[in-house]
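The values are calculated or read from the model by the stated rules, or taken from the named source; none is laboratory data. Keep in mind the model is a prediction, meaning the values are calculated, not measured. Cβ atoms come from the backbone with ideal geometry, glycine included; neighbour counts cover every protein chain shown.
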């Protein structure tokens, strides 16, 4: 049986793709804004461009929400700032 990474839950061979490998002073901004009809949108800026799609996928799966990546910014449906901050720390990012 394959060993899995305790943080990402993925096989060890591919788990490193999700983990942060840059400078620990990376400026990651997490904030929410209200869009039409009072709906909330959580935005995450500052993730490495090479890993932004993988991180977005992991966040969407963990939070069970929809979302997309536009111009290197992750957009998640709903208000998830605290949960996103916790998940990013688990993935090795400093927020």
Given (1) on the phi < 0 side of the Ramachandran plot; (2) at pLDDT below 90, where does residue 9 come up short, assuming only one miss? (1)
Selection from region 48-64 of residues that are part of a loop (DSSP other than H, G, I, E, B) and over 16 Å from residue 83 (Cα atoms): 48, 49, 50, 51
Could you check region 74-86 and list, in sequence order, the residues that are touching a helix residue (DSSP H, G or I) at 6+ places or on another chain (Cβ under 8 Å) and surrounded by fewer than 21 Cβ atoms within 10 Å (Cβ to Cβ)? 78, 83
Filter region 12-21 for residues that are surrounded by 14 or more Cβ atoms within 10 Å (Cβ to Cβ) and out of contact with any helix residue (DSSP H, G or I) (no Cβ under 6 Å at 6 or more places or on another chain); the one that is modelled with the lowest pLDDT is 20
Please state which of the following conditions residue 41 fails to meet, knowing it meets all the rest: (1) free of Cβ contacts under 8 Å to residues at least 40 places away in the same chain; (2) outside any helix (DSSP H, G or I); (3) touching a helix residue (DSSP H, G or I) at 6+ places or on another chain (Cβ under 8 Å); (4) surrounded by 15 or more Cβ atoms within 10 Å (Cβ to Cβ). (3)
Scanning region 44-73 for residues that are exposed (fewer than 15 other Cβ atoms within 10 Å of the Cβ) and within 15 Å of residue 9 (Cα to Cα) gives 57, 61
Here are 76, 91, 87: which of them is touching a strand residue (DSSP E or B) at 6+ places or on another chain (Cβ under 8 Å) and in contact (Cβ under 8 Å) with a residue 12 or more places away in the chain? 76
